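The values are calculated or read from the model by the stated rules, or taken from the named source; none is laboratory data. The model shown is predicted, which means the values in this text are computed figures rather than measured ones. For neighbour counting, all protein chains shown are included, and Cβ atoms are generated from backbone atoms with ideal geometry for every residue, glycine included. The protein model used for the area step is the full one, side chains on, heavy atoms only, and it has no ligands, DNA or RNA in it. Shrake-Rupley method; radii C 1.70, N 1.55, O 1.52, S 1.80 Å.
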There are 2 protein chains.
Amino acid sequence: MARRYDPGRRERIIDAALRVVAREGIAGLSHRTVAAEADVPLGSTTYHFASLDELLVAALRRCNENFARTVRESDCLADPGVPLAGGLTRLLEEWFAGGRGPAELEYELYLAALRRPALRAVAAEWADDLGALLASRTDPATARALVALLDGISLQVLLTGGEFDAAYTREMLGRIVDGAGR
Amino acid sequence: MARRYDPGRRERIIDAALRVVAREGIAGLSHRTVAAEADVPLGSTTYHFASLDELLVAALRRCNENFARTVRESDCLADPGVPLAGGLTRLLEEWFAGGRGPAELEYELYLAALRRPALRAVAAEWADDLGALLASRTDPATARALVALLDGISLQVLLTGGEFDAAYTREMLGRIVDGAGR
DNA sequence: CCTGGTTGTGTACGGGCGTACACAACCATC
DNA sequence: GATGGTTGTGTACGCCCGTACACAACCAGG
């Protein structure tokens, strides 16, 4: 039966799940497709993840970590000399520059929380983490609104197939930020 | 074979599809489930809608119409005496007062456009229609941003399972609106 | 009344799915 | 090196799916 010693198989399954979702969407995710993608036996996926929800939770969490690292490594937000709205706009611009793919993947997992209560906690973490990051440059309510507006603008781009408009984005984020000072 | 004369069967199938999606999500929508819900033979659903995408397009369009009618009938936006931000907040408040159900249904269909290009045009219509409605009270860019922020705030509520916060919403919408005047 | 075309149905096929479970491989203990 | 517990696999079952298609019901023109 060829059982291999394979630590980190769990992680490889999560990676495979992300590739499957990126390619075919959550609708195309099944124990079988992810097993094939990760090149592990079918039983292995059900063994490590009792349900697809569990696998999705792990995948979304991994996504969040990747995004958080990207944000932290980018200096768009760190430098207090750069206006907050401008930094956020640049961040989003870089993100969309990578094409629809990555953005679609992250949002699909994030939005899946709408129908899957198991994902809600992770989705909330994401919003909170980003909010906390921004809160160091403004107040919590404003930070939350910035996250909401970023989500809304990104969705408009992704859902309607439109283009990302940096000037417009900067302007509107600016209105939220500036409103905090009055 | 009992073929009935049944005009409006197409419409009844769309209604049934909305009920199915409301109850079980898009994942639970199939030719069979919708046929059972509409109490028509299986072949009837494939006859009227060649693919599920086609059915989803019809369902989303119907949703849009319902929402547009609700907005038009509500006087939250019509009265120029009411501040725009306040009117929108009240509209959203009434919407959420109906429970998660209706909001979940509309957003699930709307967000499905992320992965289904066939729905993009209808999703774009929705955003444009609402934008056009708001544009009569402000400029187009501001109107678009208001829609984006409304989407973002609604999503935060629905995805994280949180509560709708009217005061916060009014405040942030207000910042977008007021920013237009400077 | 027949007849040819259109509209709508029932059924059956092949395929992918989640899940269960017997059992192989491994490891620690003696 | 036997043994008992744990970890991981292969396989098979039953279910639901989209799709195709023969054919019933209907309708209009002759």
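Pairs of C-alpha atoms in the range A:70-182 farther apart than 20 Å represent 41 percent of all such pairs.
Would you tally the net charge around A:Pro83, using a Cβ to Cβ cut-off of less than 11 Å, leaving A:Pro83 out, and scoring K and R as +1, D and E as -1? Mind dumping the intermediate values first?
Numbers: positive: A:Arg90, A:Arg137, A:Arg170; negative: A:Asp79, A:Asp178.
Charge balance in the 11 Å sphere: +1.
When B:Thr160, B:Thr142, A:Thr70 are compared by accessible surface with a 1.4 Å probe, the order from highest to lowest is A:Thr70, B:Thr160, B:Thr142. Paramagnetic label reach from A:Ala167 (point 7 Å along Cα→Cβ; backbone nitrogen cut-off under 17 Å): within the range A:64-88, residues A:86.
Computed over neighbours whose Cβ is under 12 Å from that of A:Asp165, the net charge equals -1, Lys and Arg +1, Asp and Glu -1.
For the range B:110-126, a drop of 30 Å² or more in accessible area on going from the chain alone to the assembled protein chains (1.4 Å probe) is found at B:Tyr110, B:Leu111, B:Leu114, B:Arg115, B:Arg120. The residues of chain A expose on average 47 square angstrom of accessible surface per residue, using a 1.4 Å probe on protein heavy atoms.
What is the percent carbon and sulfur in the accessible area of chain B, measuring with a 1.4 Å probe over the protein chains and ignoring ligands?
On the way: 4600 of 8570 Å².
About 54 percent, which is the carbon plus sulfur part of the accessible surface.
For the range A:1-98, trypsin sites (Lys or Arg not before Pro) are listed when DSSP marks them as loop and at most 13 other Cβ atoms sit within 10 Å of their Cβ; the list is A:Arg3, A:Arg4.
Once C-alpha pairs closer than 8 Å and six or more residues apart are averaged by separation and normalised to the residue number of chain A, the relative contact order reads 20 percent. In the range B:136-150, burial by the other protein chains removes 40 Å² or more of 1.4 Å probe accessible surface, compared with the chain on its own, from B:Arg144, B:Ala148, B:Leu149. Between copies, the label points at A:Pro117 (set 7 angstrom from Cα along Cα-to-Cβ) are spaced 3.8 nm, reported in nanometres from shortest to longest.
Plugging the Kirkwood radius over Cα pairs into Stokes-Einstein for the protein assembly as shown, at a temperature of 4 °C and a viscosity of 1.567 mPa s, what D comes out in µm²/s? Don't skip to the answer; put the middle values down first.
Details: Rh = 22.0 Å.
Reported coefficient: 59 µm²/s.
So, counting K/R as plus one and D/E as minus one, what does the shell of residues with Cβ under 13 Å around A:Glu24 add up to? Overall, the nearby charge balance is +2. When the accessible areas of A alone and B alone are added and the area of the pair subtracted, with a 1.4 Å probe, the result is around 3600 Å², both sides summed.
Relative to the first principal axis of the alpha-carbon coordinates of chain B, what is the inclination of helix B:117-135, with its axis defined by its Cα atoms, in degrees from 0 to 90 and to the nearest 10? Relative to chain B, helix B:117-135 is tipped by roughly 30 degrees. Calculated on the alpha-carbon coordinates, the convex hull of the range A:1-50 measures out at 64 cubic angstrom per residue. Take A:Gly25, move 7 Å from Cα toward the beta carbon, and the resulting point lies 1.4 nm from the same point in each other copy, nearest first. Placing dummy labels 7 Å off each Cα toward the beta-carbon, the span from B:Arg69 to A:Glu125 is 4.3 nm.
Overall shape of the range B:1-152 was characterised from the C-alpha gyration tensor. The equivalent ellipsoid obtained from it has semi-axes of 33, 15, 14 Å, in decreasing order. Here the chain B residue lying nearest the rotation axis onto A, judged by its C-beta and given with the distance in whole angstrom, is B:Gly152, 2.
Distances between copies of B:Glu65, taken at a point 7 Å out from Cα along the Cα→Cβ vector and listed shortest first: 4.9 nm.
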